[in-house]
Amino acid sequence: MNIIKIISGVILGVLLIIKLRGEGSCVGTYLSIALSLFVVFYCLDKMSYVIDFFRSVTSKIGIESGYLEILLKIVGISYLCEFTSNICKETGCQAVAGQVEISGKLTMMVISMPILVAIVDTITEVL
């Protein structure tokens, strides 16, 4: 039922933002950022359940926990870059939003290199 409260709060916040922007107030942008942060922090609170689930699964199948950490970092970078990019787009900074997206993709690629190395090593061992 918490998601219903979140959705209701977001809808009310968006309606208030629309009203404030119609009056020419820049407060709507700040409210939009605050509303976005509220949703992000709510999601971060629930992320502990996902992390615990992945840890239990990886321990059962014997995968190194380092790979799980890399996966979680990539997911976190993806969410943060998406969040930041959307805020930039909201304020009219399209070019900055594009650069945030590119930097996030490059960072995710660099972080995933140990997984790629492990895959290549596995393939070469089989051959």
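The values are calculated or read from the model by the stated rules, or taken from the named source; none is laboratory data. Just so it is clear, the structure is predicted and the values come from calculations on it, not from any experiment. Cβ placement follows ideal geometry from the backbone for every residue including glycine, while neighbour counts extend to all protein chains displayed.
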State whether the residues of the stretch 16-34 include one that is among the acidic types (Asp, Glu) and assigned by TED's automatic domain parsing to the domain that holds ILE119. no
Qualifying residues in the stretch 23-70 (those that are touching a Leu at 6+ places or on another chain (Cβ under 7 Å) and over 30 Å from GLY92 (Cα atoms)) - the one surrounded by the fewest Cβ atoms within 10 Å (Cβ to Cβ): ILE51
Out of all the residues in the stretch 66-101, which are modelled with pLDDT of 90 or more and touching a Cys at 6+ places or on another chain (Cβ under 9 Å)? GLN94, ALA95, VAL96, ALA97, GLY98, GLN99, VAL100, GLU101
Wholly within the stretch 13-127, helices (runs of 4 or more DSSP H) carrying at least 3 residues that are touching a helix residue (DSSP H, G or I) at 6+ places or on another chain (Cβ under 7 Å): 27-61, 65-90, 94-111
Taking the stretch 4-29, which residues are of a type in the set (Ser, Thr, Tyr) and at pLDDT 85 or above? SER8
Let me confirm something: among SER8, SER32, SER85, which residue is of a type outside the set (A, V, I, L, M) and without any contact (Cβ under 8 Å) to a residue 12 or more places away in the chain? SER8
